[in-house]
Amino acid sequence: MADIGKPPSWDELAEWWRETFTRGADVEYEQQILPLAAELLTGRHLVLDLGTGEGQLARHLVRAAEGRRVVGIDPSARQLANARLASGGPVYARATGEALPFRDSCFDAVACCLVIEHATDADALIAEAARVLAAGGAFLLLVNHPVVQGPGSGLIDDKLLEERYWRIGPYLNESSSEEEVDPGVRIRFAHRPLSRYVNPACEAGLVLTRLEEPAPPFDFLTDSLDLELESAMPRLCAMRFERLADRQE
Ligand SMILES: C[S@@+](CC[C@H](N)C(=O)[O-])C[C@H]1O[C@@H](n2cnc3c(N)ncnc32)[C@H](O)[C@@H]1O
């Protein structure tokens, strides 16, 4: 088998990410992810964007609410350099989600958008998000929907049997795999069942207050083989947790 080498780091992916997914380039971000995140964080003033990347969500959250302050952190220096170039209000620091450089209980909200699938220690990241939340604060976790978008899942167009259906892969098996998301662009994703996100959050003193599984935006499905089927299969899963007021400090 040919040696395909190590997957690129987020520093190496930064230009591709900026051109392909930010500044209006991606229908799902524009029509779904950014507005949904802003809606689910209504009323939160001091927000941490954990794994901010090029900062598009951080900027959107600043624009969406007057007086809101947003801090973005990311381990990738190149992603942060692009975020700083775009400016738009947020401030940035280099850090990982598993070891946040902030004191306890200092944010009204933590947003974590399509990041935890790339983190090696999801439990530590969730515990850190909970630690930095003030009482009543919100943790918004957005993930690729693990039930219907996990490894081995997707639309099957069976020409022999003349049927189209959605296959579900081995949902309960935690795994880490590389996917070619664009020609020549490989990214490593961790797959975890939903319980592996919800239960650590509950153990960290958070409660689930909203779960959204929106249909893909219509404009995303313009080349769909089966519009009826694909519009019934969510790509995104958004979970909003809130910190109980009586956690021991
Ligand atoms: C798919 S991008 C999403 C960026 C941004 N959240 C957005 O939605 O536009 C994933 C980002 O997660 C960051 N990341 C990967 N592992 C991380 C970790 N352990 N803690 C924090 N961020 C991480 C990467 O550097 C990358 O910028």
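Numbers for the structure displayed
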read-out: With every protein chain in place, the stretch 55-108: carbon and sulfur % of accessible area (1.4 Å); value: 51 percent
read-out: Residues with amide H under 5 Å from that of residue 137, placed H, sequence gap 5 or more; value: 243
read-out: Loop-resident sites, the stretch 1-102, for GluC sites (Glu not before Pro), counting at most 13 other Cβ within 10 Å (DSSP); value: 66
read-out: Signed unit charges on C-beta, dipole axis of the chain, positive-most listed residue 153, 168, 86; value: 86
read-out: On Cα atoms only, tilt of 77-86 relative to the major axis of the chain in degrees; value: 80 degrees
read-out: Accessible surface of residue 191 - all protein chains present, 1.4 Å probe, nearest 10 Å²; value: 10 Å²
read-out: Accessible surface, the chain, averaged per residue in Å² (probe 1.4 Å); value: 50 Å²
read-out: Centroid-to-centroid separation of the stretch 179-249 and the stretch 98-129 [C-alpha atoms, Å]; value: 16 Å
read-out: Summed side-chain charge close to residue 60 - residues other than residue 60 whose Cβ falls under 10 Å, Lys, Arg +1, Asp, Glu -1; value: 0
read-out: Mean Cβ count within 10 Å, highest first, over the residues of peptides 131-142, 155-166, 76-87; value: 131-142, 76-87, 155-166
read-out: Per-residue HN-Hα couplings for the stretch 41-56 [Karplus 6.51, -1.76, 1.60; θ = phi - 60°; Hz; x = Gly/Pro]; value: 10, 3, x, 9, 9, 9, 10, 9, 9, 8, x, 5, x, 8, x, 5
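The values are calculated or read from the model by the stated rules, or taken from the named source; none is laboratory data. This is a predicted model, so every value here is computed, not measured. Using ideal geometry, Cβ is built from the backbone for each residue, glycine included, and neighbour counts are taken over all protein chains shown. With ligands, DNA and RNA removed, areas are computed over all heavy atoms of the protein, side chains included. Shrake-Rupley method; radii C 1.70, N 1.55, O 1.52, S 1.80 Å.
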